Amino acid sequence: MSGLRGKLLAILLMLSALAVIYSSFMNRQLAHEWQGLGNEHTRLQEEYGRLMLEYSTLAAPSRVEELARQTLKMSFPNKNNTRVIQLDRR
């Protein structure tokens, strides 16, 4: 009976050694993936910052006003082209 018990212990030892090797391998794989995701996160944060800067530049009121005047030939209304409408409140 001790021979069978020794074989079972050897098999269990071999299986646990394989489990340790597999978990170490998976740990390295996940650490590598995590590092790659951290790099991607940093890159996306930088791109977001650049896009926000570009957006604030393009949406600046002075730029919008300039485009409205030049491209659309718009101007501020004056007294001659402004009407006041009185609403009858009941």
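Go through segment 67-90 and count every residue that is part of a helix (DSSP H, G or I) and out of contact with any Ser or Thr (no Cβ under 7 Å at 6 or more places or on another chain). Break it down stepwise before answering.
Initial filter on segment 67-90 (part of a helix (DSSP H, G or I)): 67-70, 79-81.
Adding the requirement that they be out of contact with any Ser or Thr (no Cβ under 7 Å at 6 or more places or on another chain) leaves 67-68, 70, 79-81.
Residues meeting the conditions: 6.
Could you identify the single residue in Arg89, Arg43, Arg50, Arg28 that is of a type in the set (D, E, K, R) and modelled with pLDDT under 95? First the steps, then the outcome.
Working: Arg43 fails: modelled with pLDDT under 95; Arg50 fails: modelled with pLDDT under 95; Arg28 fails: modelled with pLDDT under 95.
The unique qualifying residue is Arg89.
For segment 57-66, which residues satisfy the criterion of being assigned to a helix (DSSP H, G or I) and either modelled with pLDDT of 95 or more or exposed (fewer than 10 other Cβ atoms within 10 Å of the Cβ) (or both)?
Pass one, segment 57-66, residues assigned to a helix (DSSP H, G or I): 57-58, 61-66.
Once the filter is applied, which keeps residues that are assigned to a helix (DSSP H, G or I) and either modelled with pLDDT of 95 or more or exposed (fewer than 10 other Cβ atoms within 10 Å of the Cβ) (or both), segment 57-66 yields Thr57, Pro61, Ser62.
The values are calculated or read from the model by the stated rules, or taken from the named source; none is laboratory data. Predicted model, so just to flag it, every value in this text is computed and none were measured. Neighbour counts run over all protein chains shown; Cβ positions are idealised from the backbone, glycine included.
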